[in-house]
Amino acid sequence: MIATCALVGVSTTAMAGPILDDIVESGELRVCFDAGYMPFEMKSKNGAYIGFDIDLGKLMARQMGVKYVPVNTAWDGIIPTLLTGKCHMINAGMTINAQRNMRVNFSDPYIVIGQSILLNPKLKGEVTSYRDLNNSKYTIATKLGTTGEQASKRMISSAKMNVFETQADAALEVANGKADALVYDMPFNAIYAAQNAGKVVHLEQPFTYEPLGWAVAQGDMDMLNFLNNFLRQVKGDGTYDRIYDKWFKSDSWLSQVQ
C-alpha cells in the first residue's frame with residue numbers, strides 16, 4: 001500500500017516524455033518557424049510575429065500554462081535547429097513528406113494545402129494549368145528547399161527553373177516579367193495576387209495534395225499524443241475555425257505587415 005501511494009504521488013511531469021518534461025521544467029514552449037510565409041508566420045511592422053501558426057502556437061502554450069517563445073529560423077536549417085534542441089517543435093507550414101518523416105515525427109495534419117501557380121499576365125489564357133508550363137520556352141520561379149521546388153522538378157521538368165532564397169523574391173520575378181510563373185503554396189499565392197492585382201494572375205486550383213503537420217524530434221510519442229489531442233480539441237470546440245477565418249477569410253491583418 002505504501003508503494004502504491006508513492007506511485008500515485010509521482011508528478012505527471014515525471015511520467016511525461018522528454019519534450020513535455022523540458023517544456024514544464026523550463027516554463028517555455030519554444031517554437032521554430034521561418035517568418036515570411038503569409039498568412040502562417042510573418043513579422044509585423046512593430047517587430048512582432050503574427051499569423052495563423054503563431055496564433056495556434058500561442059494558444060497551445062497558454063493551454064500548457066507556459067510562455068510562448070518564437071524561434072525564427074532560416075528554412076534550410078529548421079530541422080537541424082529542432083534536432084539540436086533549440087526548439088521543442090516546428091510549427092511552420094511544413095508539408096508532411098517521406099524524406100522529412102525520416103528525420104522527424106509529424107502530428108496529424110492541421111491543414112491541407114497544395115501548390116498553385118502565379119502567372120505573368122501576358123500568359124493569361126495561353127497557360128491554364130501546370131501542364132501547359134511543361135515546355136522549355138517557359139521559365140519557372142520557386143523557393144529553395146520547398147515542395148514547390150520538388151513539384152516543379154517532378155511535374156514541370158521541361159521548363160527552365162530559377163530557385164530563390166525567399167518566396168517574395170521568386171514572386172517578384174514573375175511580377176517584373178523576368179519569369180513566366182511561380183510555383184508555390186496556394187495561400188501565399190492567393191494573398192500575393194490580391195496585393196498585386198494586374199501584375200500577376202493566380203491559377204488558384206492546387207495541383208498537388210500537401211498536408212501540413214507539426215514536427216517534433218523522433219521517438220517522443222507523448223508529445224505527439226499531446227499535439228494530436230490539442231488539435232482535436234481546438235477543432236472540436238470551434239477555436240480552430242475562428243483562428244482560420246481570421247487569417248484565411250479576412251484581409252484586415254494585411255495592414256499590419258504592409
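The values are calculated or read from the model by the stated rules, or taken from the named source; none is laboratory data. Since we're looking at a predicted model, the values are computed, not measured. Positions of Cβ are generated from backbone atoms using ideal geometry, with glycine treated the same way; all protein chains shown enter the neighbour counts. SASA here: full protein model, heavy atoms, side chains in, ligands and nucleic acids out. Shrake-Rupley method; radii C 1.70, N 1.55, O 1.52, S 1.80 Å.
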Using a 1.4 Å probe over the heavy atoms of the protein chains, calculate the carbon and sulfur portion of the accessible area of region 121-258 as a whole percent. 47
Taking the structure as given and computing Cα extents along the principal axes in Å, which label from (1) 60, 53, 39; (2) 79, 37, 30; (3) 51, 41, 39 fits? (2)
Cβ charges +1 (Lys, Arg) and -1 (Asp, Glu), total dipole of the chain, debye: 560
Per the rule of 0.36 nm per residue minus the C-alpha distance, extending V69 to N229 adds in nm 55.5 nm
Using DSSP loop states and a limit of at most 14 other Cβ atoms within 10 Å to flag GluC sites (Glu not before Pro), what is the longest stretch of the chain containing no flagged site? 1-125
Going by average Cβ density within 10 Å per residue, which order do the peptides 63-76, 130-143 take, highest to lowest? 130-143, 63-76
Give the span of region 153-214's Cα atoms along each principal axis, as three whole-Å numbers ordered largest to smallest. 32, 28, 22
Each label sits 7 Å from Cα toward the beta-carbon; between N176 and N135 the label points are separated, in nm, by 2.6
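Of the peptides 213-223, 191-201, how do they stack up when ordered by the mean number of other Cβ atoms within 10 Å, highest first?
213-223, 191-201
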Normalised contact order of region 105-258, rounded percent, pairs of Cα under 8 Å and 6 or more residues apart: 35
Nitroxide proxy distance, nm - points 7 Å out along Cα→Cβ at A48 and Y209: 3.9
Given a 1.4 angstrom probe, what's the average accessible area per residue across the chain, in square angstrom? 48
With the cut-off at 1.5 for a/c, could you classify region 134-258 from its C-alpha gyration tensor as rounded, prolate or oblate? oblate
Which entries of K153/K199; K86/K153; K143/K199; K143/K246; K143/K235; K67/K143 have Cα-Cα distances beyond 29 Å here? K86/K153; K143/K235; K67/K143
Could you state the angle between the C-alpha long axis of helix 186-195 and the longest principal axis of the C-alpha atoms of the chain, as a value from 0 to 90 degrees rounded to the nearest 10? 60
Spacing of the two label points (7 Å from each Cα toward its C-beta) at L144 and D21, in nm: 3.8
Taking a label point 7 Å from the Cα of N196 along Cα-to-Cβ, the residues of region 29-60 whose backbone nitrogen sits under 14 Å from it are 38
Determine by what factor the alpha-carbon radius of gyration of region 25-153 differs from 2.2 N^0.38 Å, reporting the quotient. 1.26
Relative contact order of the chain, please, whole-number percent, based on alpha carbon pairs below 8 angstrom and at least 6 residues apart. 25
For the chain, the longest principal axis of the Cα atoms and the Cα long axis of helix 239-248 enclose an angle in degrees, to the nearest 10, of 20
I'd like the trypsin sites (Lys or Arg not before Pro) in region 222-252 restricted to DSSP loop residues with at most 15 other Cβ atoms within 10 Å, sorted by number. K249
With angles folded into 0 to 90 degrees, how steeply does helix 52-64 sit against the dominant principal axis of the chain? Use alpha carbons for both and round to 10. 0
Can you tell me which of 43-51, 107-115 comes out highest on packing, and rank the rest after it, using the mean Cβ neighbours within 10 Å? 107-115, 43-51
For K249 and R103 in one chain, what is 0.36 nm times their gap in residues minus the Cα-Cα distance, to one decimal in nm? 49.2 nm
CD proxy, 222 nm, the chain: helix-only mean residue ellipticity via -39,500 (n - 2.57) per DSSP H run with n ≥ 4, per residue, nearest 500, stands at -10500 deg cm²/dmol
